[in-house]
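Below is one structure, written out as structure tokens; comments come after it.
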Amino acid sequence: MTQRDDPIAAIATAPGRGGIGVVRVSGKNLKPLIQAMLGRVPAPRAAIRARFRDAQGAAIDEGIALFFPAPRSYTGEDVFELQGHGGPVVMQMLLKRCLELGARLAEPGEFTRRAFLNDKIDLAQAESVADLIEAATDSAAHCALRSLHGEFSGAIKELVRQLIELRMRVEATLDFPEEELDPLERADARARHAALLSAIETALAKSRQGSLLRTGLQVVLAGQPNVGKSSLLNRMAGEDLAIVTAIPGTTRDSVRQVIQLDGVPLNIVDTAGLRDTQDQVERMGIARTWSEIAKADVVLLLVDARAGVTAQDLEMLDRIPQGAKRVFVHNKIDLSGSAPELRRDQRSTAIHLSAKTGAGMDLLHAELLAIAGWQDGAENLFMARERHLVALREAARHTARAGEHFGRPELFAEELRLAQAQLNCITGEFAADDLLGEIFSRFCIGK
């Protein structure tokens, strides 16, 4: 996607029927287009009731029109919004009329991209727009909104400010190599460097937590048939999503559900029971089970508490990828007569619970949150993406390496420069066009 100055238009509301639909236009000097559509140009930022007209002057629809002249608009350009009746046909007719008047169809994310390129928001704020739209939990939505308001960007800019100040002090010492005193000591570089590294690591920790709100935790329920995987899914979801019977092999395909756990989204996948079978459909379900396990962050390996862990369960455990956390869930303690408990050993964690009665579910919830590294409250977290985490990790690495060169100020300064470049990529002060294209192509059209 390339930046152009020509007017762009798109339907800004979700597809389908609704009480209200919005068509948005952005570009330079939209007054001729507005005049042709309404017969007049509204006062800036004043909602007016108007008829939206076609080329022959006949009414297409009637609703509210808003005009936001540049630069005081979302994109920094003239922005014109038509709020009409939310039928698909009406919206398409209004969009077609805007295109007839010289606008072109906006590409995904192009409105927000123009806002970024016109310095209305930085890149981290632009990404938070999509995060806010896609938020799966209340915590994620609040975190994304704070990023949109600039909290994450402000924290990154403060780190950059500290880096610049330290770089200035260090590079100034390079002009006086004949001084007997350690130039970095004279610039108080050691103390400032330690404080800076600590601040970057704190920002990285908050970003890791915030990233969890975006992506959630991929949790797969696995085990032999009839150990209660579907019952556990229903208990965790709080509703009957999966069919539960005493017949082994009832679940033939994966059943998915996203749930909230203290504001953290968990992507729960119930899978077909793992066993040897000649049933072709069940074998396909088992193959899909192993495919889901390969992508899991956490595998809950369910066993019947009355039988305990069998040799077959241990074989399954060995096949689970090392990157996934593995938890044995001893289900049906209501039948075994045992109490809820959590046990740990060097190889795995075991939780004894009853999906039927709910006993021990608090232990499972606490373990999942601990695996996620979650700490209570999302008030101070940053809604970070993977590229933000990579940049912060690299900034921390370069800053730490700078500390290895206190005796060589030129290398010390170079590592700080590299750390600053990484942080600048987060807010988009330095960003390649291909990166911008990748980011904004994931937005919905109209945003």
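One table, with the values for the structure above:
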read-out: Where GluC sites (Glu not before Pro) fall in DSSP loop in the stretch 335-405, at most 10 other Cβ within 10 Å; value: GLU379
read-out: Heavy-atom surface of the stretch 1-60, accessible at 1.4 Å and reported per residue (Å²); value: 56 Å²
read-out: Qualifying trypsin sites (Lys or Arg not before Pro) in the stretch 320-388, DSSP loop, other Cβ atoms within 10 Å at most 12; value: ARG347
read-out: Carbon plus sulfur fraction of accessible area for the stretch 303-392, probe 1.4 Å, in percent; value: 48 percent
read-out: Within the accessible area of the stretch 7-151 (1.4 Å probe), percent carbon and sulfur; value: 55 percent
read-out: Average accessible area per residue (Å²) across the stretch 322-386 - probe 1.4 Å, nucleic acids and ligands excluded; value: 52 Å²
read-out: Those lysines that a straight Cα-Cα span of less than 26 Å connects to LYS332, excepting residues fewer than 8 apart in one chain; value: LYS229, LYS356
read-out: Out-of-range pairs (alpha-carbon distance over 19 Å; input LYS120/LYS206; LYS206/LYS325; LYS157/LYS206); value: LYS120/LYS206; LYS206/LYS325
read-out: Local electrostatic count at LEU148 - Lys and Arg +1, Asp and Glu -1, tallied over other residues with Cβ under 10 Å; value: -2
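The values are calculated or read from the model by the stated rules, or taken from the named source; none is laboratory data. What you are looking at is a predicted structure, and each value in this text was computed from that prediction instead of being measured. Note that each Cβ is placed from the backbone with ideal geometry, even for glycine, and that neighbours are counted across all protein chains shown. Note: accessible area is taken over every heavy atom of the protein model, side chains too, but ligands, DNA and RNA are not part of it. Shrake-Rupley method; radii C 1.70, N 1.55, O 1.52, S 1.80 Å.
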